[in-house]
Each structure stands twice: as structure tokens, then as C-alpha cells.
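The values are calculated or read from the model by the stated rules, or taken from the named source; none is laboratory data. Fair warning: this is a prediction, and the values are worked out from it, not measured in the lab. Here the Cβ is made from the backbone with ideal geometry for all residues, glycine too, and neighbour counts use every protein chain on show. Each accessible area value is taken on the protein alone, full model and side chains, heavy atoms only, with ligands, DNA and RNA left out. Shrake-Rupley method; radii C 1.70, N 1.55, O 1.52, S 1.80 Å.
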Amino acid sequence: MHRGADGSKEQVAHLAKSSNVLTKVTGAVVAALLSLALLVLLGFAGAYQYLAPEIPEADALRTIKTQVPLRVYSRDGKLMAQIGEQRRIPLQWEEFPPVVVDAFLAAEDDRFFEHPGVDWQGLVRALAANVTPGARLQGGGTITMQLARNTVLTSERTLRRKLKEVFLALRLERSFSKREILTLYLNRIFLGQRADGGGAAAEVYFDKHVRDLSLAEAALLAGLPRAPSHDNPVASVERARERRSYVLRRMVEIGKIDQAQRDAAESVPISSRMHGPIVELDASYVAEMARAEMVRRYGPEALTAGYTVYTTVDSRLQQAANLATWRAVLEYDRRHGYRGPAERLDPAALRDEAALTQAFRRHPNRGSLVTAVVTGVADRSAEVMRRNGMSFTLDWDAMAWARPSLDPLKDSMGPAPKSAHDVLAVGHMVYLEPLPENRFRLAQVPAVAGALVALAPADGANDSLVGGFDLGASKYSRVTQAQRQPGSAFKPFLYSAALERGFTPATLVNDAPIVLPGGGGADGGEEWRPQNITRKFYGPTPVREGLVRSRNLVSIRLLRGAGIGFVTRYIAGFGFSPAALPANLTLALGTGQVTPLEMARGFAGFANGGALVTPYFIDSVRDLAGREIFRTQPLRACSLCDVAADSAPDPSATAPVPPELRAPQAITPANAFVMTVLMSDVIQRGTATRALSLGRRDLAGKTGTTSARRDTWIVGFNADQAAAVWQGFDQERPLGDQEEGGKTALPMWIYYMEQALRDRPEHRQPEPPGVVRMWVSRETGAPTRAGAPGALFESFIEQYAPQPGTVDSGDESVDAETVDPATTDDSLF
């Protein structure tokens, strides 16, 4: 018994001893853990004190400039372009749909609304891995930490940066609400292809607003933050699909969607196409002008500071200008033969999706043209497939025009094709011109160039502008940069000057051969024998007829009669630079260098009653907050402002314009009116009679064709529109023996004006004071009675109107030998 009792005591003592040991060990462990925790806290505190000077204040997020691209709009609010390296569309919390929020939380931080900005479990795991030798650095970052890193910290993967990220995240959580943090994150996170934020990414990848994203699309975007440059669908459809699948799985795991929704979203195909901003109006040349002007005014920051530019472009008129330019240029191109496909692919490439995709990328759509590949050819038709996979048949009418171009420099073509095999083959990459009723015609990117610009004569506002067939093919704007000879389109400025020197529409000028030294200049040299384009001479010719028929010899004699010095000074008043005004007789034939914009500005002076308006294309500029920071205050034409309302021909035309806002007068209202009457005849029975198809009598203008038919022009107007059209080759060469202003350029002008003036009443400047009308003899220019043979009811500037009893016979018509020396400037002959 004693042994048993002693044994029990020994066991109790042993248990007590073990308990004491365990207590001590537990206490030691707890103490160690507490010490470790204290050390960690002290370490964090020390690290915070050490790094605090390098950690930005949370409010720095409020002051960081959001990179919002420059946006350019038409006058009526149509988006023309979004310009800038980074795209970001700031959105409010309410604009992000729940599916987008759920997808990003599932992918990046499902405990976002629970943790204080740092997920300590994930952070400890990341720190443990990061201090293990040879281990790969891990993130463990929350959405708040990502926001801190991506917005105000570097993306280097070091312990130092991770600690700074933690400290700034904690600051952010104290300064912002959870919704504010998530909104900032969704607006700023980089998602590939220069898209910052969900709003921009939705447009780039899906061409839609973020509110319209489907589950599959939201999941795809939410999968991008890990490696946006590699996982986006443009870079790799397969990687994008893997990331989308991961996000959808996570959404199931946290209960945001069910398996059926996941399966449906997984089955949605992924497109590799990158979309731009949703441009509503093609006005790329104007948008480029706006970009350059904004950078000039505000520096490079103009492209990222969120400015909005409203231009003077009218979307309806711009669309009309686009269609007119494309149509006319393609018409010329068809007249001169088919130069072949854009590329000849191996037919085997049609079965290689990657090769076909690359081929389409090498040949993007241009202007109005779309790209297609020929997949089959029959005797009188061909099968083609567009970039989007749509296939259809090109009938014979779509390709029958395609005579082969043998030598473009000599304008020679081969015989007309007899079958589709003469034109196309399987594997040909071709361009197609869209036609009405979903039809297409074989086309090619034009070798010839064309340009159109239209101004509002009242103030110079740029209503429409097309600087070329396609900005992507050439950023060279022929409207503002192409200095070309205007040919006979320049003659109205000379005739206007002549009217101020006493010539009248009825003055007879001898259309006869003339021989001049030195190309019409004053330096001597080879003889110059100018001719009319018809190579005929017509004898004594009324000034009106000389302009209507574009008689070169009449123009040269007018210039000699008016005096070169006076004429150059006078024409400079229309805003032309010295390059447009050679100080010799070739000026009469338009041998100076001008741009279409300068020509439109000059003709606007005829259209508005003689005022010199300044072209402008920016109406206003607003900053990111929507505040207007600039607005153009154009000088306006008001030719009758100084005329008493009771004596004005049209009292409404004398609506007061403050003197400080009036455009200066380049010419008198009377001169502008008489010139408009003369140029109306150019359309009624001269070189622009094709424009009679418009069925209007308020149109006036002048065509032009330069030497060797290198340039063709038409500049025309009514009181609402002054439009200049040019067509030619950038590298100057002849357009062809049959090409001239009335055939090559005029159709573009007609196509434009038909739409621009649709449903608008006829409008021309009213007859101003200082104009008289009377019956004169077409043969002599002398006053006559109504009904007399050859009588013409003519308009005159009052002070130079012929007086009764005067005779201006053909024998006394103006010539180099019969000009009154008092009206000439012999020193410049």
C-alpha cells in the first residue's frame, strides 16, 4: 500500500513538474511572439519614420493631373477626333455597372470592403516569400495599394517600395471613402493599348460605353491589370481568354454569378480588333489642324490636359465635302486605268488566318474605300471577302472599267477587259468603293490628289475642309500646305483690279497674238508667245467675254493696261502672300503660288460684298472642368454698314456690326457686285456650265487649268458658301490631255454645293449703291436701247459707266499700243 501511495505521489509530482515546464514554454513562446510582434511594430514604426518623407500625401491624388486626351468636335457637337498618347475617360461611381465592379473585385481584391487598405494575410505571405533567398517576389497588394503604386509611386518590386505602398494605402483609406478609392482605381488602372481606366478600355476593346458591357466583356477587362500589355485581346486572344476564364471562376467562387452565367460568358468569342474612340464625323484634316494649333498655344500638355475643342465645321457640310472629294477623285482615277491590286497573296494564305489578318493590317481602309481579298474568279464576276469575314460577289459592272494602266506618266492604257480573269485573280488584295444599295465597285487608292475647302463668307468660318483622300495615307494637307499655280482661277482678282482702273465689262480688249521677251518679265530672255487654251484668237473681245471664256490674251492686255504695280498691290489686299504675285505679265495667267484656302478667302470677298475676312476653324476651347477658356471673335463682313438703312437696297443687310468687329474692305461693294455678275456668267454660259445642273442662279465662280494641265481648279460661291476645289498630283505632272478645271475639278464642287445648298433659298449680295445698269452694244460697248440688235443689259461701277454718245469700237479696242499711259505703271512692264 505504501508503494502505491508513493507511486501516486510521484505521478502527481511528475505531472505538476510537466505542467510547470509547459507553462514556462508557453509563456516563453507567447513572450517571443509578443516580442516579435513588438519588433515588427517597432520595425514598421521605424520604417514609417524613415520613409515618411518619401511618401506622398494622400491628397496628392486630388491634385494629380488626369491624363485626358484632347477631344475635337464639330460646331454641332459631333466627335471628330480624340488625340493623345493615353486615353482616359473619367467616370463617376454611378456610371460603373455592378458587373464591372464585381469582376474587378473578384479578380483583384474580393475583401476590399472589409480590410483597412492592407490585406495583412496576403501581405505576410508576400513578405515571407520576398525574404526567402531565391524566391520570386510576390505582390499581395490590395486595390488601394495598387492605386497608390500606379498613381504616385514607382512600380519597382522591392521591399522598400512595398512598405511605402502599404503606408500610402493606409493614408488613402483615412482620406477617402471606399467608393472614392474604387472609383479612382477604375478610372486610372492601365488596361493596355494606351487605355487608362474602364471607360477608355471599354471603347478601345469593345467600341461601347462601360455601362453597356456584358459579363464576358467586364470579366475580360478585369483580367488585364496583372499584365495589361500582354493579356489584352489585341496582343493575344488566347491570353485574354485565359484571364477572362480566371475572373469568371473567381466570380463564381465568391458568389457573384452562378455556373450557368459563367458557362455562357465563357462561350462568347473574343475579338482582336482595337477600336478607337467613337468618332461621329470624319474630319481628320481639321482635327490635325486643331491638334497642331492647341500644341502651339498650350504646349505638349494640350494633348493630356482634357481640353475640348469645338471647331467651326458643320457636320452636314463636312460629310458632303468628304463624299464630293472621294467621288470626284475616284472618277478621275477610273478614267486613267487600273494599276492592279494592292498586293498579290499566295492563294494558300487564304487558309492561314494569321497571314490573312496581317495582310489586312498592311492594307487598312482608305478614305471611302474598304479592303477585301479575292477568293474566287468566274468569267464575269468575282467572290471577295472583307476584313470582317463577310463575303459577296462583285458583278461585271463593278470591274468593267478596269482597263490596265500601262504608263501613268504617259497616260496610256491597255484594252478594255473582256472577263474578270483579265482584272482579278485569287489572292488579290483589292480596294472597293461602297455604292448605294449595299453594292461595291472595284477601286484603288488614288494616285491623284484632291482638296476642298468651304468658308462662310460672312466671317471666314471654316464650314468644311478635306485636305486629301485619306489622312492615314498622307498627313499633307493640300488645303493649307499645297502651294500651287491657280491658273485662270486667279483671273477674277485681275479683272477686279482692272475695274478700278476704269475698265468696264463692256470694254473691248483685243484678243490677238502677242510676243513678249523673257517669259513676260522684265529681265529679257526667250520670247514668250502666250496662247489661249483653244490655240485660237478672237479679236476685239468685251471684258465680260474675256473672263467668261477665260481668254489669256485678253487677261494679259488687261494687266498691261491696268499696270502691274497697281494690280499686285490691289490683289495683295485680298490677303495673298507675295508668292502669289509675280511682278510680271505671267501674273495674268495665275502663275503665282497659292493654297486652296487662300483662294477660298479671296473669293469670299466677292461673295460678301468686298470684305476681307480671316479664315478660322476653332470656335472655342474648354478645359477639363468645362470652363470656356477661349472663343474666337471673328471680324464680320458688313459691306453696307455705313449705308443709311433707308437708302440700302436691302435694309436687313445693314444689321449693325460694331465697328471694332467689322472686317476691313478689300474692294468696294460695287466692285464685288459687278465681279459677281461677271462670274455668274461663267456658270451660265462659260467654262463651268456643268454647274447648271444645280438649277440655281445665285452661283458664281471661275475655273482654272495650269500649264500642261498639271493643276485644275474651281472656286465658286453664293452669299452663304465660298468653296475652292483643287485636283492634281502631289509630285507635279500632267493630269491628261482631256483634263481641265471644268471637267476635273468642277464635278467635285458640284457634288459639294448640291448638298451644301440643299433646301436653302438662293442668296446673293443685294445690289449696293455705286452700281448702274444700262443697255449697251455687245459689239461696241457703247450705250444703246433695249431691243437693239446685240443689246446687253450690263452692270457698271457708276463712275466708270459709259456715257451716252460714246463709242468703243473694235478698231479702238485696248491693246499694248492704245492704252492710256496715265493708267499704266510702265516701270514694271
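Got a sec? Which of ALA218, ALA240 is hydrophobic (A, V, I, L, M, F, W, C), without any contact (Cβ under 8 Å) to a residue 40 or more places away in the chain, in contact with a Pro (Cβ under 9 Å, 6 or more places away or on another chain) and buried (at least 21 other Cβ atoms within 10 Å of the Cβ)?
ALA240
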Problem - Which listed residue, of GLU242, GLU203, is among the acidic types (Asp, Glu) and under 19 Å from ASP109 (Cα atoms) - result: GLU242
Problem - Hits in region 288-301 - residues which are open to solvent by less than 70 Å² (accessible area, probe 1.4 Å) and either of a type in the set (Asp, Glu) or within 21 Å of GLY199 (Cβ to Cβ) (or both) - result: GLU288, GLU293
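Quick grid of which residues meet (1) in contact with a helix residue (DSSP H, G or I) (Cβ under 6 Å, 6 or more places away or on another chain); (2) at pLDDT below 95; (3) in a helix (DSSP H, G or I):
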{"site": "TRP713", "(1), (2), (3)": "yes, no, no"}
{"site": "TRP726", "(1), (2), (3)": "yes, no, no"}
{"site": "GLY736", "(1), (2), (3)": "no, yes, no"}
{"site": "TYR752", "(1), (2), (3)": "yes, no, yes"}
{"site": "GLU779", "(1), (2), (3)": "no, yes, no"}
{"site": "LEU792", "(1), (2), (3)": "no, yes, no"}
{"site": "SER795", "(1), (2), (3)": "yes, no, no"}
Exercise for the section: May I ask you to say which residue of ASP463, ASP470, ASP459 is surrounded by 17 or more Cβ atoms within 10 Å (Cβ to Cβ), of a type outside the set (Ser, Thr, Tyr) and either outside any loop (DSSP other than H, G, I, E, B) or without any contact (Cβ under 8 Å) to a residue 12 or more places away in the chain (or both)? Expected result: ASP463
Exercise for the section: Mind listing just one residue for me: the one in region 221-233 that is open to solvent by less than 10 Å² (accessible area, probe 1.4 Å) and in contact (Cβ under 8 Å) with a residue 60 or more places away in the chain and, of those, farthest from GLY141 (Cα to Cα)? Expected result: LEU221
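In region 658-675, how many are of a type in the set (Val, Ile, Thr) and open to solvent by less than 20 Å² (accessible area, probe 1.4 Å)?
Restricting attention to region 658-675, the residues satisfying the condition of being of a type in the set (Val, Ile, Thr) are 667-668, 674.
Remaining after also requiring open to solvent by less than 20 Å² (accessible area, probe 1.4 Å): 667, 674.
Qualifying residue count, region 658-675: 2.
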Practice task
Report whether or not GLY367 is closer than 22 Å to HIS421 by Cβ and open to solvent by less than 70 Å² (accessible area, probe 1.4 Å).
Solution key: no
Exercise for the section: Pull up region 542-590, narrow it to residues that are among the hydrophobic types (A, V, I, L, M, F, W, C) and in a loop (DSSP other than H, G, I, E, B), then point me to the one that is nearest to GLN665 (Cα to Cα). Expected result: PHE574
Exercise for the section: List every residue pair whose Cβ atoms sit under 6 Å apart, with the two residues 6 or more apart in sequence or on different chains, where the first one lies in region 673-691 and is of a type in the set (Gly, Ala, Ser) and the second, anywhere, is assigned to a helix (DSSP H, G or I). Expected result: GLY686/VAL548; ALA688/VAL682; ALA688/GLY742; ALA688/LEU746; ALA691/ILE683; ALA691/ILE750
Exercise for the section: Just name the residue that is farthest from the chain's Cα centre (by Cα) out of those in region 357-388 that are under 30 Å from LYS475 (Cα atoms), part of a loop (DSSP other than H, G, I, E, B) and small (Gly, Ala, Ser). Expected result: SER368
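So, of the residues in region 342-356 that are outside any helix (DSSP H, G or I) and not acidic (Asp, Glu), which turns out to be nearest to GLY389 (Cα to Cα)?
So, considering only residues that are outside any helix (DSSP H, G or I) and not acidic (Asp, Glu), the one nearest to GLY389 (Cα to Cα) is LEU345.
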Problem - Unique residue being under 30 Å from TYR307 (Cβ atoms), modelled with pLDDT under 95 and among the acidic types (Asp, Glu) when the list is GLU660, GLU628, GLU598 - result: GLU660
Handout entry: Given (1) touching a Pro at 6+ places or on another chain (Cβ under 9 Å); (2) modelled with pLDDT under 95, index of the condition VAL479 fails
Key = (2)
Problem - Condition met for ARG362 (in contact (Cβ under 8 Å) with a residue 12 or more places away in the chain and open to solvent by 70 Å² or more (accessible area, probe 1.4 Å)) - result: yes
Completion exercise
Selection over region 268-290 where residues are closer than 12 Å to MET80 by Cα and touching a helix residue (DSSP H, G or I) at 6+ places or on another chain (Cβ under 7 Å) yields a count of 5
Practice task
Answer yes or no: is there a residue in region 308-329 that is of a type in the set (Phe, Trp, Tyr), over 22 Å from THR712 (Cα atoms), more than 14 Å from the chain's Cα centre (by Cα) and outside any helix (DSSP H, G or I).
Solution key: no
Exercise for the section: With the condition kept exactly as written, say whether any residue in region 275-283 is of a type outside the set (Lys, Arg), open to solvent by 20 Å² or more (accessible area, probe 1.4 Å) and over 16 Å from ILE89 (Cβ atoms). Expected result: yes
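When only residues in region 681-694 that are open to solvent by less than 10 Å² (accessible area, probe 1.4 Å) and assigned to a helix (DSSP H, G or I) count, which is nearest to VAL771 (Cα to Cα)? Working first, answer last.
Let us first name the residues in region 681-694 that are open to solvent by less than 10 Å² (accessible area, probe 1.4 Å), namely 682-683, 688, 691.
Cutting the leftovers down to assigned to a helix (DSSP H, G or I) gives us 682-683, 691.
On the way: VAL682: 20, ILE683: 22, ALA691: 27 Å.
Out of the qualifying residues, it is VAL682.
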Practice task
For region 519-541, indicate whether the set of residues that are over 37 Å from the mean Cα position of the chain (by Cα) and assigned to a helix (DSSP H, G or I) is non-empty.
Solution key: yes
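One line per residue, one yes/no per condition, for (1) at pLDDT below 85; (2) within 33 Å of the chain's Cα centre (by Cα); (3) surrounded by fewer than 17 Cβ atoms within 10 Å (Cβ to Cβ):
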position	(1), (2), (3)
ALA58	yes, no, no
LYS65	yes, yes, yes
SER74	no, yes, no
ARG88	yes, yes, no
Completion exercise
The residue that is farthest from ALA700 (Cα to Cα), considering only those in region 554-567 that are surrounded by fewer than 23 Cβ atoms within 10 Å (Cβ to Cβ) and either within 42 Å of the chain's Cα centre (by Cα) or among the aliphatic types (A, V, I, L, M) (or both), is GLY565
